Amino acid sequence: HAQAIATNTFDANKPAVLELIGRFKTLSVFGDLPLEALLLSPNPSSGGDVALSFGLEKPSKLSFAVYDVLGKEVVSLPASYFEKGKQRLQMPTSKLGEGSYILRVSDGVLMKSLSFRVVK
């Protein structure tokens, strides 16, 4: 008697990425999230401001949140409307302790995550 094994299949147009950093897990599906690129520099940060650069394929309302490796939200920015095209934000890291963090960008339905480190 053979036992069926369930498998997950994903549409090739909506790739899923599983990120594991320490004990923090997040499943990010970003096929429809209108981000063209998401860059954070410098990475690692020495505790000053970091530049968050991204491009949008269409005008979007996005929220930004930073989580520590245990999954605790440590910084949250309210959702804001951004025009199509290249965007650049400054994010202070001076109040963050030394360690690894996850930056999550969401349009309310889909999200994209990026890891970064703070060293002091």
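The values are calculated or read from the model by the stated rules, or taken from the named source; none is laboratory data. Just so we're clear, the structure is a prediction, and the values are computed from it rather than from any experiment. Side chains are part of the model used for accessible areas, which takes the heavy atoms of the whole protein and leaves out ligands, DNA and RNA. Shrake-Rupley method; radii C 1.70, N 1.55, O 1.52, S 1.80 Å.
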Karplus-derived 3J(HN,Hα), 6.51/-1.76/1.60, for each residue of region 104-112, Hz, glycine and proline x: 10, 10, 9, 9, x, 10, 10, 9, 9
Share of carbon and sulfur in the accessible heavy-atom surface of region 40-102 [1.4 Å probe, %]: 52
Region 63-120 versus region 34-51: alpha-carbon centroid distance in Å: 9
